[in-house]
1. Please give the contour-minus-distance gain from S116 to V21: 0.36 nm per residue of separation, less the Cα-Cα distance, rounded to one decimal in nm.
2. How much length would be gained if the chain were fully extended between Y109 and R11, taking 0.36 nm per residue of separation minus their Cα-Cα distance, in nm to one decimal?
3. Please list D68, D125 in order of solvent-accessible area, largest first, computed with a 1.4 Å probe with all protein chains present.
Amino acid sequence: MHALKKNRPLRRIVLASAATVSGMVMLLSLKPHASPQAALVLPAPSGSSSASSGTGSATTGTRTVTGDSIQTRWGPVQVRITLKDGKLTEVTAVTYPTDNPRDQEINSYALPRLRSEALQAQSADIDTVSGATYTSEGYRQSLQSALDSAGS
């Protein structure tokens, strides 16, 4: 048998192994980049754990209250509520995890559902959104702290 024909299987194995190792090194060296939105997250007020302010006149009874910033596994969650004559009329997520595309994807469907449930329940007694357990828990705790601060 010719000497070159013997070496070909070994040469193929060596080349395939080198290509596989190179590919794995390149994949493992990739790092997710932080989104530009992450820089826009505002820190919680330093004076106290919650802040409230009246936004309307005393006759309308409209108040806006910001809940505590709740630290979750994936980042802080904080909500702001608006009460009109003691009724919850708006819930806005002020701070939530946005560090990577997966956070953004999860929160794009979780936050509207949490808002809708809070407005319907008129309390922090809302269900957890499947796939967004940590965000849901932080949202619920921040919402409850805002309702407590508002005296509801």
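1. Working: separation 95, 0.36 × 95 = 34.20 nm, distance 4.91 nm.
The span from S116 to V21 would gain 29.3 nm if fully extended.
2. Details: separation 98, 0.36 × 98 = 35.28 nm, distance 5.13 nm.
Fully extending the segment from Y109 to R11 adds 30.2 nm.
3. Numbers: D68 40, D125 130 Å².
I get D125, D68, largest accessible area first.
The values are calculated or read from the model by the stated rules, or taken from the named source; none is laboratory data. All figures in this text were calculated on a predicted structure; none of them were measured in a lab. All accessible areas refer to the heavy atoms of the entire protein, side chains included, with ligands and DNA or RNA removed. Shrake-Rupley method; radii C 1.70, N 1.55, O 1.52, S 1.80 Å.
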